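In what follows, a structure is listed as structure tokens, so that the remarks can point back to it.
The values are calculated or read from the model by the stated rules, or taken from the named source; none is laboratory data. Bear in mind the structure is a predicted one, so any value in this text is a computation, not a measurement. Glycine gets a Cβ as well: all are built from the backbone with ideal geometry, and neighbour counts include every protein chain shown. Ligands, DNA and RNA are stripped out before the accessible areas are found, and what is left, the full protein with its side chains, is counted by its heavy atoms. Shrake-Rupley method; radii C 1.70, N 1.55, O 1.52, S 1.80 Å.
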Amino acid sequence: MTPSLTTREQRAEPGRGERLSGWLDGRLGTRTLGAKYLRKVFPDHWSFLLGEICLYSFVVLVLTGVWLTLFFHPSMNEVTYHGSYTPLNGVRMSEAYASTLDISFDVRGGLLIRQLHHWSALIFVAAMLTHMMRHFFTGSFRKPREVNWVFGWLLLFLGLFEGLFGYSLPDDLLSGTGLRFVYGATLSVPIVGTYLALFLFGGEFPGHDIVARFYSLHILVIPGIMAALVVAHLILVVYHKHTQFAGPGKTERNVVGTPFFPVYLAKAGGFFFLVFGALTLIAAVASVNPVWSYGPYRADQVSTGAQPDWYLGFAEGLVRVMPGWEVTLWGHTLILGVLIPVVVFPLLLVFIGVYPFLEARFTKDRREHHLLDRPRNRPVRTAIGASWISLYLILLAGGGNDIVATRLHLSINTVTWAVRIGMFVVPAVVFVVTRRICLGLQLRDRELVLHGRETGVIKRLPHGEYVEVHQPLDQARLHTLTAHERPGELVEHPKVSLDPPRRTPSGSGPSSS
């Protein structure tokens, strides 16, 4: 008897893909995990792309860094250069510097990959700082995301030193000048300074171990820690679910957006190639760190106009604007002109790192938060963040005081004193002004909620009075403007409610009751 079609289908063996899926599910539970996480909802807002720029820049850094390790020689042994860059032929230099020249001029595509690596590092740190500031101003660091905030802060902190070590590997005159400062700053640390300098540099500067030690830190130790932090950071993002801005249908208990698969995955994949393409375009048309222009490092020479990469410019500014103070205690001389900046530099970063815990302590807010704040609704926090950024920018200008003085035809003493005064005055002024702006924007929102939007239309009432017609806000806009707790600065009008106003039959504005 011929079996039926249904019986034949039942007896048919599963395909290769189905067998593989079943094998993995039986050992790893992939189907259960896929059903749970592939449909996970992600909010749709442009500011969330900042975190993706960080991640994709890090991926480009890893890929280009692996490629560069195949051609770079981390050695300070002296060789005589004979390569394509004619002006340096016959010059004695380290193997590190010679291999950097070979990568730039003799390896096919080497200069493009090297510049892509450098530009990716600059944009990676910039994206991390911008990403953290977005989280700071919107309050997404609150419970239960304090630990994830610390992970992100550690990534930024490690990224600064990772950039410093990578910047120093070519052993050119510019990076060597910066390393000389790092060596002096390390020696200025009381008690343990000499031991730290010995550990990092292997002896007296410049020594013979700097490049090899920094190379190990740059390609192995710090990237490994950063990769682990990135994975932990992403796991916590998935575990805690995404934050979202207040709006219709959005509460502390749900997430409104698109599923991870296939919508968000398709967007993320396309955005990765956009970021990769933009970085490659920048690397192809904009030169960065042309080490052949500086020449190899020599202890008896100093590069003029030496500037660190932008993310360490504020540390340079701390040293340049600090007076050359010294004090002798118990027979030991403390170089305060260097020691104080060495202490203040990490404190500026630590303040941002521990801010979530400070805010929770002073506001006594221990609740979970999954809805983001509008910065205007948290004027004190917004003012603190703006003043911190202003201090950073002032010190960044101080790190290039010689360039500023030259370009603006000013005395370098004038620029230095302006930075010294500005680092105390400007943050205080920015704090007050930003706070008042936030309060003013809150009052504006209150007027919109109570009276609607001005239309510019003048209407004459039956008894002869002229009034401006206000158009009531729609319910979605009203919800967005009122979905927050009122801060203490506006409690002087306790009877004024921010509930959506009642509409008049004519639609000309809220009722006067």
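General observations
- Straight-line cross-link partners of Lys40 among the lysines, defined as a Cα under 27 Å from its Cα and at least 8 positions apart when in the same chain: Lys143, Lys241, Lys250, Lys267.
- Equivalent ellipsoid dimensions for region 216-276 as semi-axes, Å, which come from the Cα gyration tensor, largest first: 30, 17, 9
- Long-range Cα-Cα pairs in the chain (distance over 40 Å), rounded percent: 41 percent
- Geometric descriptor of region 360-451, per residue, is 148 Å³ (volume of the convex hull of the Cα atoms).
- Within the chain: Cβ-based charge dipole about Cα centre, in debye rounded to nearest 20 (Lys, Arg +1; Asp, Glu -1): 2160 debye
- Kirkwood Rh in Å, taken over all unlike Cα pairs in region 236-347: 20.6 Å
- Per-residue surface analysis assigns Leu187 an accessible area of about 70 Å², computed on protein heavy atoms at 1.4 Å probe radius.
- Centroid-to-centroid separation of region 68-121 and region 270-307 [C-alpha atoms, Å]: 13 Å
- Accessible surface of the chain, 1.4 Å probe, proportion on carbon and sulfur as whole %: 66 percent
- Considering region 284-376, its Cα convex hull presents a mean projected area of 13.6 nm².
- For the chain, relative contact order (Cα pairs under 8 Å, six or more residues apart, normalised by length) works out to 16 percent.
- Once the Cα gyration tensor of region 85-203 is diagonalised, semi-axes √(5λ) in Å: 34, 24, 9
- Inverse of mean 1/r across different Cα pairs in region 154-280, Kirkwood, Å: 18.5 Å
- Axial C-alpha extent at least 20 Å, average Kyte-Doolittle at least 0.5 - helices from the chain (DSSP): 49-69, 110-138, 146-168, 173-187, 222-240, 265-285, 336-363, 379-399, 412-451
- Computed [θ] at 222 nm, deg cm²/dmol, the chain (DSSP H ≥ 4; -39,500 (n - 2.57); rounded to nearest 500): -19500 deg cm²/dmol
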